[in-house]
1. Remind me, what semi-axes does segment B:3-88 give for its equivalent ellipsoid, largest first in whole Å, using sqrt of 5 times each Cα gyration tensor eigenvalue?
2. Restricting things to alpha carbons, find the Rg to Rh ratio for chain B using the Kirkwood radius for Rh.
3. Can you tell me what share of the DSSP beta bridges in chain A is antiparallel? A percent to the nearest 5 is fine.
4. Taking every pair of alpha-carbon atoms in segment A:264-387, what share in percent sits in each 10 Å bin, from 0 to the bin with the longest distance?
5. For segment B:250-314 and segment A:7-79, what is the separation of their Cα centres, given in Å?
6. Between residue B:195 and residue A:350, what's the calculated FRET efficiency when r is the beta-carbon distance and R0 is 56 Å? Round to 0.05.
7. Using the beta-carbon distance between residue B:383 and residue B:407 and R0 = 35 Å, what value does 1/(1 + (r/R0)^6) give for FRET efficiency, to the nearest 0.05?
8. For residue A:224, go through the lysines and keep the ones whose alpha-carbon is under 22 Å away, minus same-chain ones fewer than eight residues off.
Amino acid sequence: MSLAEYKYQDIIHRCFRCGYCKFPTDWDDVTNCPAYARYRLESYSTGGRLWLIRAWLTGEIQWSQHLAEIVYSCAACKNCVEKCPLSFHNDIVNMIIAAKNEMVELGLLPAPVKKFLQNIQLHGNPYGLPAKRRKAWMDGLNIESYHGQEYLYYVGCEGAYDTRAQLAARAVATLLLKTGISFGALGNDEACDGNEVEMLGEDGLVELVAEKNIKNFQKLGIKKIITLSPHAYNAFKNIYPRFGGEFKVFHYTQVLQDLLDRIKQDGQSAQGAKVTYHDPCFLGRWNSEYEAPRTLLKATGFQLIEMPRNKRGALCCGGGGGNFVTDFLGGSEESPARIRVREAHATGATILAVACPNCLTMLEDAVKVEGLEEELMVKDIAEILIESKQ
Amino acid sequence: MDPIYRALAEIVGEEYVSDQPEELFTYSKDLGTSEPIQPDYVAAPKTAEQVSRIVRMANQKKVPVVPLGGGISLAGLALPLRGGITLDLKRMDGIIELNEKSRYIVVEAGISHGKLTSYLHRHAPHLMHSEPGAPPAATIGGNVVIHGQGDLAHPYGFNSDMINGMEVVLPTGEICRFGSCAIGSGWYTLHPLPDLGLFLGWSGSTGILTKISLRLFPCKKIREMDIFVVEDEELVPDILYELTHAGMAEDLVAWSQEIPPYGNRLHHININITGDSREEMEFKRHLMFDIRLARYIQDGVGGIAAVSQDIERPQISKSADWKKGGGFEYVGSIMPVSAYPECYRRGMEISIRHHIPYTILGRVIGSAHGMMFSYSYAFNRADPETVRQAREALHETDHMVLEIGGTIWKPAVYGQQLVMERMDPNTLQLMKKVKTLLDPNNIMNPGNWEVN
Ligand SMILES: Cc1cc2nc3c(=O)[nH]c(=O)nc-3n(C[C@H](O)[C@H](O)[C@H](O)COP(=O)(O)OP(=O)(O)OC[C@H]3O[C@@H](n4cnc5c(N)ncnc54)[C@H](O)[C@@H]3O)c2cc1C
């Protein structure tokens, strides 16, 4: 494909660059675009990025490493889609992904993106870790391999490999076991869901990954999937149907909210302790699920305090679009994850609840860098449920 | 390494300075029809001290400095006409003091209108500032520097009339304060100290505002928009006269536009009414509609098009997309209200001549002491011919505005030249002296309001 075939040629010039895309729902600040919050130069705002992409397409500017980094700093959080008042707003993130498609086609990628994609291709995960270590998260848990149970429990790459996210994967599994529902996991046979591959613009690899997973799921007779990660949830729900994969997909919070009476815990009483909740973009803005996680949190007895930017207006942790590995938004006091944990801390909450392994690792790292470990703990909702008395 | 780049990086930090083609491209572009002009550097300072250091360095190196807020003036006012350093001021966005009882707020000049509105909503919901119809990313500094007007223009005037104090970095780098804050008192008044009037209206060519104390006004609990409509443009000044006599509205905007069709050739007057109780609202409505406007309704020449509409944040950006082209620019003019009919007719003629759907809007300032009358021209950013057409229409409108006795608001350089051609020669010379005195090296947004 040449640049002339760019899919959004007809609309990319329509961005007026008025800056609505920088704001959250309540206009609280211009920093709700994670990349703009991090860099504070217009080139990193959504409008700036769209104008630069167009300039690249028309030849006004040439490809450069810096241009690619600006494009790949988009975390695909969809805040811009939410706020842009113009009629093409639903296509904004697609326009950016399409530019990434072009860069992939031309082989013009920043090194961390290239590495990310190669690792998926070679090892089935972005970390480049061996596929045979994928089932490590299940060690010591009595989880059955999938063999026709009602649900597949799919943990995804972070849940499988990241030591912190593994704890969340285990907490969810523990609760699922407690509910008594019939489920199994794929262990070493699980492979990357491909959501980030899509966000990084590698169409060919998305197709490969999706088709392989679909084939495997269909062979095993999988019809219903529970995901740990909202990213996987998005992939199965919104990307796989393109390749003929139709499954009933649930984020784990959606399943647990209906089975609360079965997971009653005898843990510590919350005694009015305060918790705040960070909406993951791929559950919230991408899939409009705002209530299931909150229903679970309310059931724990904790006092749920909302951050000023929440639900449709939540600030992204900066990990989307592969950034949890490629890290174009890290390394600064103004990295979105650090801004977010400061915001969480300011609510007076002692727990920052998440429902995404990606957000979990991003925000926990940020808490450490901010030196807030004594005051704010980042926990997955499943972990909170296990520890608390309902 | 380039010494200017090095100096900027040392002052604002490497992260917030760039001389890369991507940033230079981005900051070379305005949203309107202006031709792009690249700066040599872009820097985003965080404090007045950093601004001051940059300006001092720029004087030594004789390199221009162009302050930029939201960058949405549309008139190319923050384009670096002579290159140099574009200073993106949006990191200077702090709220320094809210004084509820004295109804003012001190902010850093790069704060957005959206952020201020949200802050007040949360921390002082009974207070508001005058927010322009511009996108919420517009900054307080960028707006007052060009004498913007907002949704409290009818009761309280231009936004630049609502300033209680300012901190400014002069073109030679000194940080100066004006108003009661200059003598170490609170930021509660700009008067009665000697009026310097050196910075407002100058499009950033005489100094960089870094802090502003803004007046706040009562924000009533119940807010609604009513719309009165007439077909005959000649009636609009009379109706506005009646409405401003009643003095019950918070905002008065008359408009007519080709798209959507219900706006075509009809004159809508948006009337914002606010109150703390139903009785107050009822009383205001009664005074305006039953008493002041009844005769137009009885005569069958006017009608109430809508009542009790929610007042929503204006989304004028949408007009950029009427040609599915992502662009529009307007000539803003300050006019006597009595000129409405002629403004409308002449504006429509220009639009028709340039094949652009007409959009004409006038906001009442004060008790009908004036009107900000805008003529908008949409264009397709991907079609240079439509950009050219819009630019021609804008230039033609600049001429027309002056011809019919108005002044141009926030003129682009083209309009500035037209205004200065007509300006009283003594005034013009004074402008030159002021500029030379303040900015001996002519580094501050050069090319704007430049007296030859
Ligand atoms: C859709 C739309 C609707 C609009 N409606 C309105 C309206 O209702 N009312 C209204 O008033 N305006 C309106 N505008 C015009 C304009 O957007 C606003 O006036 C806006 O407030 C300008 O602020 P800015 O921060 O974008 O300024 P910029 O465009 O960044 O700057 C404007 C000028 O001020 C200078 N400047 C910026 N900041 C400073 C500073 N701190 N110190 C010194 N100089 C500085 C710049 O060099 C430039 O010359 C509208 C614009 C659009 C696009």
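Bear in mind these aren't lab numbers, they're just calculated from the coordinates by the rules spelled out. Given the structure is predicted, the values throughout are model-derived calculations rather than measurements. Reconstructed Cβ throughout: ideal geometry from the backbone, glycine too, with neighbour counts over all protein chains shown.
1. Values: eigenvalues 88, 31, 29 Å².
Those come to 21, 12, 12 Å.
2. Values: Rg = 22.2 Å, Rh = 22.8 Å.
Rg/Rh: 0.97.
3. Numbers: 1 of 22 bridges.
For chain A, the DSSP antiparallel bridge percentage is about 5.
4. Percent of pairs per bin, in order: 14, 48, 31, 6, 0.
5. If you average the Cα positions of each part, the centres end up 39 Å apart.
6. Numbers: r = 54 Å, r/R0 = 0.96.
Taking R0 as 56 Å, the efficiency between residue B:195 and residue A:350 is 0.55.
7. Working: r = 32 Å, r/R0 = 0.91.
Efficiency, from the Cβ-Cβ distance: 0.65.
8. A:135, A:178, A:212, A:215, A:237, A:248
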